[in-house]
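Asker: Quick one: structure below, then a few questions.
None of the figures in this text is laboratory data; all of them are computed from the coordinates on show. Quantities reported herein were computed from a predicted structural model and do not represent experimental measurements. All Cβ positions, glycine included, derive from the backbone under ideal geometry; neighbour counts span all protein chains shown.
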Amino acid sequence: MKKHLIPLILAIILCAGCLVFSTAQGSSLRRGTVTISRDEYERLQQYAKLDEVMQYIEAYYYKEPDKEAMLDYAIQGMLTALDDAYTFYYDKENWSALWEDEEGEYTGIGIMLLGSYTDYSVTITRVFRDSPAQAAGLRKGDLLVRVDDIEVNVETMQAAVNVMRGEIGGTVEVEVYRGGEYLTFNITRAPIHTNYVDYTMLDNNVGYVIIYQFTTEALKTDFINAVEALEAQGATSLILDLRDNPGGWVNDAVLVCDRFLDKKMVFYSKARFTKDTDPQYTKAGADEIPLVVLVNGSSASSSEIVSGALQDHGRAVIVGTQTFGKGVMQQVIGLSDDTTGIQFTYCEYFTPNGNTVHGVGITPDIVVEMPEDMQYSSFEVGDMTDPQLNAAWEEAVKLAAQ
């Protein structure tokens, strides 16, 4: 139920378990009454101090206050007090930008970010091909520390994203930390097309599919089309690359598992208000093609749901390094004004075998570290000089021969 504050209450009359509010407007004698329950009144009383502050500012502040901005900051302040990197408020600009992401088209510089829930740092996990960021020299693995005058951390990440998404042709100053030094770039914004899926055929009929992020309706079509195109070309095994994939919508993770798991549990979750678990299952009609999944330390959230489910059911061999360890889920809810929203953590999820993911991650079946001098390299799709991809390919060839 959505709650609304009732400001400037001038008279309160207690009556038979309910309250009647009488409000006066200026010098007018007109009066109105609103009847609410005792529980509702007690809830309103929790926010009396907030309303008191607002009244003082409205009455005595030396300039006309921006009440909308004050409420925006008040809401964000409440959510910040939860000390949860994944819980925050979307103001009008951020709410609109969220759904632009879903369309895969926006104006910006062309980078993907991942925020750490442990130290609140923000890392560039992908630089889009032919983007202003790539042309300027930003790299995967750069630590984003400043955008114009915004010091970047998890809490300010969305504000920094908004600045990077300003007008086409405008410039934004971006500072990163790389290899022990701070580097500054002036980058010109441009239209960005975000592709969430890439694929190609490797030698020995090994199909290779990359999912960059679980974040758009297009993923459902693009992923399925990629797998079907590779199988039509004669793929006898598949590599699903989830490295540097920060996650996204849970429903998309289940959809990917639908392709490979026949009526199996994907994960189950537990919330604070119920002792019951909420298991999620795939549908019938799964693909039986041998499968290898590539992961690394930036594979998070939905990437861990997919890799954890496929590993627990013995459906895929997981190759790479320990994943990020984001084992909590968020709800994104639009507020009553239809222009703002909130995201908040509401449950923890577990793999089908009951393994904890949060703060732990998924351990690969075959650990393949990226060499130190290649940690932040960007490879073309299907580039076999990528040692992790090469190891996954060798395993896929073995699976196809069994």
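Asker: So which GluC sites (Glu not before Pro) in the stretch 147-231 end up in coil per DSSP with only 10 or fewer other C-beta atoms within 10 Å?
Answerer: The qualifying sites are Glu167.
Asker: Running a GNM on the chain with Cα contacts under 10 Å, which residue among Pro65, Pro290, Pro191 ends up with the highest mean-square fluctuation?
Answerer: Looking only at Pro65, Pro290, Pro191, the biggest GNM fluctuation is shown by Pro65.
Asker: Here are a few candidate values for volume of the Cα convex hull per residue in Å³: (i) 177; (ii) 142; (iii) 266. Which one was actually calculated from the structure I just gave you?
Answerer: Comparing each candidate, only (i) matches the computed number.
Asker: Here's another thing I want to ask about it. Hey, what did the chain get for relative contact order, percent, Cα under 8 Å, at least 6 apart?
Answerer: 12 percent
Asker: So, one more: Can you give me the C-alpha center-to-center distance between the stretch 344-402 and the stretch 239-310, rounded to a whole angstrom?
Answerer: Measuring centre to centre over Cα atoms gives 14 Å.
Asker: Lys398: which lysines have alpha carbons under 26 Å from its alpha carbon, excluding same-chain residues fewer than 8 sequence positions away?
Answerer: Lys398 reaches Lys264.
Asker: D for the stretch 131-252, whole µm²/s, Stokes-Einstein with Kirkwood Rh over alpha-carbon pairs at 25 °C and 0.890 mPa s: what number?
Answerer: 146 µm²/s
Asker: Name the longest site-free stretch of the chain, where the excluded sites are trypsin sites (Lys or Arg not before Pro) in a DSSP loop with no more than 11 other beta-carbon atoms within 10 Å.
Answerer: Answer - 64-262.
Asker: Also: Among Tyr208, Tyr60, Tyr199, which one shows the biggest mean-square fluctuation in a GNM of the chain, springs joining Cα atoms closer than 10 Å?
Answerer: Fluctuation is largest for Tyr60.
Asker: Using a 10 angstrom cutoff on alpha carbons, build the Gaussian network for the chain and name the most mobile of Asp66, Asp198, Asp91.
Answerer: Fluctuation is largest for Asp66.
Asker: What Kirkwood hydrodynamic radius do you get for the stretch 197-401 when you take the inverse of the mean 1/r over all pairs of distinct Cα atoms, in Å?
Answerer: For the stretch 197-401, the Kirkwood estimate is 17.4 Å.
Asker: Can you tell which of Gly320, Phe128, Ser307 lies farthest toward the positive end of the dipole of the chain, using +1 and -1 charges on the Cβ of basic and acidic side chains (Lys, Arg; Asp, Glu)?
Answerer: Of the candidates, Ser307 comes out farthest on the positive side.
Asker: By how many nm would the segment from Glu231 to Thr35 grow when fully extended, if each residue of separation counts as 0.36 nm and the alpha-carbon distance is taken off?
Answerer: Length gained, Glu231 through Thr35: 64.1 nm.
Asker: Right, here's the next one. Skipping prolines and chain starts, which residues have an amide H placed within reach, meaning under 5 Å, of the one on Thr125, given they are 5 or more residues away or on another chain?
Answerer: Those lying under 5 Å, H to H, from Thr125 are Met112, Leu113, Leu114, Gly141.
Asker: Moving on. How big is the Kirkwood radius of the stretch 105-193, worked out from every pair of different alpha carbons and given in Å to one decimal?
Answerer: This gives a value of 12.7 Å.
Asker: A further question on this structure: Tell me which GluC sites (Glu not before Pro) from the stretch 295-392 have a DSSP coil assignment and no more than 14 other beta carbons within 10 Å of their own.
Answerer: Glu369, Glu380
Asker: Please list, or write none, the lysines whose alpha carbon is within less than 19 Å of the alpha carbon of Lys92, excluding same-chain residues fewer than 8 places away.
Answerer: Qualifying lysines at Cα under 19 Å: Lys2, Lys67.
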